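Notes for the one structure printed next.
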């Protein structure tokens, strides 16, 4: 795992924690957005907007392919060649 990957992971978790009103330490890569974090489609959509506003390349991501926090981090890092 590169430093850039770790930095990206921490930033995504911080933004997610902010969005959910929780602590980043309470979010694990294995957490499912729906089952563990209780996010609905509208929550996920709003979170994607927050990611976009923070310069993450999410425009071309297929939401249905993303089930866990780790899935999202891996896909974003792949899209940004990290």
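The values are calculated or read from the model by the stated rules, or taken from the named source; none is laboratory data. The structure displayed is predicted, hence computed values, not measured ones. Virtual Cβ from ideal backbone geometry, glycine too; neighbours counted across all protein chains shown.
General remarks:
- Cβ pairs under 8 Å, 6+ apart, first in the range 12-25 and more than 20 Å from residue 76 (Cα to Cα), second surrounded by fewer than 17 Cβ atoms within 10 Å (Cβ to Cβ) and modelled with pLDDT of 95 or more: 23/17
- Out of 43, 53, one residue alone is farther than 22 Å from residue 80 by Cα and out of contact with any helix residue (DSSP H, G or I) (no Cβ under 6 Å at 6 or more places or on another chain). It is 43.
- For residue 68, the criteria (1) touching a helix residue (DSSP H, G or I) at 6+ places or on another chain (Cβ under 7 Å); (2) surrounded by 16 or more Cβ atoms within 10 Å (Cβ to Cβ); (3) modelled with pLDDT of 95 or more hold in every case but one, which is (1).
- Condition broken by residue 32, with the remaining ones in (1) within 22 Å of residue 82 (Cβ to Cβ); (2) touching a strand residue (DSSP E or B) at 6+ places or on another chain (Cβ under 8 Å) satisfied: (1)
- Number of the condition not met by residue 4 [criteria: (1) under 14 Å from the mean Cα position of the chain (by Cα); (2) touching a residue at least 24 places away in the same chain (Cβ under 8 Å); (3) within 12 Å of residue 73 (Cα to Cα)]: (1)
Condition check ((1) under 11 Å from the mean Cα position of the chain (by Cα); (2) surrounded by fewer than 13 Cβ atoms within 10 Å (Cβ to Cβ)) across all residues:
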| site | (1), (2) |
| --- | --- |
| 11 | yes, no |
| 19 | yes, no |
| 37 | no, no |
| 43 | no, no |
| 59 | no, yes |
| 80 | no, no |
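- Yes/no for residue 63 being in contact with a helix residue (DSSP H, G or I) (Cβ under 8 Å, 6 or more places away or on another chain) and crowded, with 17+ Cβ neighbours inside 10 Å: no
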